[in-house]
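Okay, structure first, notes after.
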Amino acid sequence: MSEGISQPDKPETLEGDSRDLFSKFDDLIAMREGLLATGQEDPFNLVMEKVLSPTRAICNGRDTILLGTYNYMGMTFDPDVVEAGKQALDDFGSGTTGSRVLNGTYQGHKECEDALREFYAMDHAMVFSTGYQANLGIISTIAGKGDYIVLDIDSHASIWDGCAMGKAEVVPFKHNDLEAMEKRLRRIPEGAGKLVVLEGVYSMLGDIAPLKEMVAVAKKYGAMVLVDEAHSMGFIGEHGRGVCEQAGVIDDVDFIIGTFSKSVGTVGGFCVSNHPKFEIMRLVCRPYVFTASLPPSVVATAATSIRKLMRGSNKRAHLWENSKRLHGGLKDLGFQLGTEEPQSAIVAVIMPDLEKGAAMWEALLKEGLYVNLARPPATPANMTLLRCSLCAEHSEEEVETILGMFERAGNAVGII
Amino acid sequence: MDRAETDQTIRRLIEPFNKKRVAITDATTFAGDLEFDSLTVMDFVAAIEDDFDVIISMNQQAEIETYGQLVDAVHKLQADR
């Protein structure tokens, strides 16, 4: 029973020293405050007041070209996709209020999984509420205590979290190092279950994995292979199935993980597989079971978008042209880039340090360009990066405008 | 290989990573005394794994805080092989 208005019932005297559970964040809080005290615009608190197209928005009051949204194929404003979403809202309502295994599987979820099976030409497809949950769920469910997961050290957080949740023995190897991977596979005790986890495109530097060689080595040691193709779907490979298609090893990959939040242009995640027992995952995978399914409008937009991506070869060609032009142009201007040659639709510009990186990010924003600022610990080798992700809807002229913005901002900040 | 020999080998392997020339005892900690960051840990663990031909999984690494614990762990891994 409380009579107090400004004071709690129980006096707030902390015993012993005054540390509480939030003390562990003090260093990060101080670093942020230090950065913002210099007048720097907060790179992690940007608001898009209005979105004009897949490539333009009003950000913090400015008309801005978007070059950091992973909206590779520009499907977010596709008229057919938007119409499918509106129709589903009318026909099925705003949400399912239920798990996929209870009341949360609608016609749209099945149609979305049908579209994925067709897109990848695989037997099974399972749709999750996010891409993060797809990795978390599949990895933690198939590799448990006593099993071994061999994975690239630069893997995405959702992969690491899936490993930790499943309690398997986790054995990382140096980024894209085939020999290091093979050594670790060779040392795994006989009889143990083995899973190799790789990504098609690594999102920080935009480089691709040598999947042809890596998948062959994994198979030689009897390991199952899971490839996260989040950043390649719709763009890399003849049918847009990803780096494993381009490398000619898609039939040897046991699981492909993907997301709807990049090329597909909405939100959600999935796993496709040819494993004969795959459907049991629907009953045993906790991040699939214990959460509400995607809203009907989301799966309707996803299914429509996936089907359009099957016929997207012209857009794919234009996106490659954009990637090559931006990469070449930035290199000519004297910027240090994450890869020697463009390998994906991501071009990572390496900054000398966080202060210069944040200043460059702000200078670009004031020019009217949005890119992703990536900083440790999310980045490899503690680098600060400006990550640019191109869109098939960026015009040739827009790419030239972007290069001009980089030149002016780079000179102003003193990076080039 | 007995524990002393394992210790000798690891002492040799740690040298290039011990940038500040910290005097190493069994109680020396990797995060505190040696100030190893995650990248250094990865390279150092790889060097040990390659030399002894063993796996030190991330799960095992999480249990190892001091130099002495590392020598014990590697010694045991070898004995178990």
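The values are calculated or read from the model by the stated rules, or taken from the named source; none is laboratory data. Remember, it's a predicted structure, so these values are computed and weren't measured experimentally. All Cβ positions, glycine included, derive from the backbone under ideal geometry; neighbour counts span all protein chains shown. For accessibility, only protein heavy atoms count, side chains too; no ligands or nucleic acids. Shrake-Rupley method; radii C 1.70, N 1.55, O 1.52, S 1.80 Å.
Annotations for the structure displayed:
- Selected residue [in contact (Cβ under 8 Å) with a residue 40 or more places away in the chain and in contact with a Cys (Cβ under 6 Å, 6 or more places away or on another chain)] from A:PHE255, A:PHE270, A:PHE235: A:PHE255
- Which listed residue is of a type outside the set (Asp, Glu) and either within 13 Å of chain A (Cβ to nearest Cβ) or open to solvent by 60 Å² or more (accessible area, probe 1.4 Å) (or both), from B:VAL71, B:VAL54: B:VAL54
- Looking across A:SER344, A:SER273, A:SER305, one residue alone is buried (at least 17 other Cβ atoms within 10 Å of the Cβ) and more than 26 Å from A:HIS394 (Cβ to Cβ). It is A:SER273.
- Complete set of residues in segment A:116-146 that are of a type in the set (Gly, Ala, Ser) and touching a strand residue (DSSP E or B) at 6+ places or on another chain (Cβ under 8 Å): A:ALA125, A:SER129, A:GLY131, A:ALA134, A:GLY137, A:ALA143, A:GLY146
- Here segment A:21-51 is the region considered, the condition is being modelled with pLDDT under 90 and among the acidic types (Asp, Glu), and the residue that is nearest to the chain's Cα centre (by Cα) is A:ASP42.
- In segment B:1-32, of all residues being part of a loop (DSSP other than H, G, I, E, B) and among the charged types (D, E, K, R), the one that is nearest to B:GLN61 (Cα to Cα) corresponds to B:ASP26.
- Among residues of segment A:339-350 that are touching a residue at least 12 places away in the same chain (Cβ under 8 Å), those with a Cβ under 7 angstrom from a residue that is aliphatic (A, V, I, L, M) and assigned to a loop (DSSP other than H, G, I, E, B), sequence gap 6+ or separate chain, pair up as A:THR339/A:LEU205; A:SER344/A:ILE236; A:ALA345/A:LEU390; A:ALA348/A:MET204; A:ALA348/A:LEU205; A:ILE350/A:MET383.
- The number of residues in segment A:310-321 that are in a helix (DSSP H, G or I) and either more than 21 Å from the chain's Cα centre (by Cα) or surrounded by 24 or more Cβ atoms within 10 Å (Cβ to Cβ) (or both) comes to 6.
- Listed by position, the helices (runs of 4 or more DSSP H) enclosed by segment A:130-224 that each have at least 1 residues that are away from chain B (no Cβ under 13 Å) and surrounded by 18 or more Cβ atoms within 10 Å (Cβ to Cβ) are A:131-142, A:157-166, A:211-220.
- Check on B:ILE48, within 14 Å of chain A (Cβ to nearest Cβ), within 21 Å of A:LYS174 (Cα to Cα), touching a Lys or Arg at 6+ places or on another chain (Cβ under 9 Å) and surrounded by 14 or more Cβ atoms within 10 Å (Cβ to Cβ): no
- For segment A:389-402, the count of residues that are surrounded by fewer than 15 Cβ atoms within 10 Å (Cβ to Cβ), closer than 30 Å to B:LEU39 by Cα and modelled with pLDDT of 95 or more is zero.
- Residues located in segment A:93-105, provided they are touching a residue at least 24 places away in the same chain (Cβ under 8 Å), open to solvent by 20 Å² or more (accessible area, probe 1.4 Å) and more than 30 Å from A:ASP251 (Cα to Cα): A:GLY93, A:SER94, A:GLY95, A:THR97
- Residue check, A:GLU83 surrounded by 16 or more Cβ atoms within 10 Å (Cβ to Cβ), assigned to a helix (DSSP H, G or I) and either at pLDDT below 95 or of a type in the set (Asp, Glu) (or both): no
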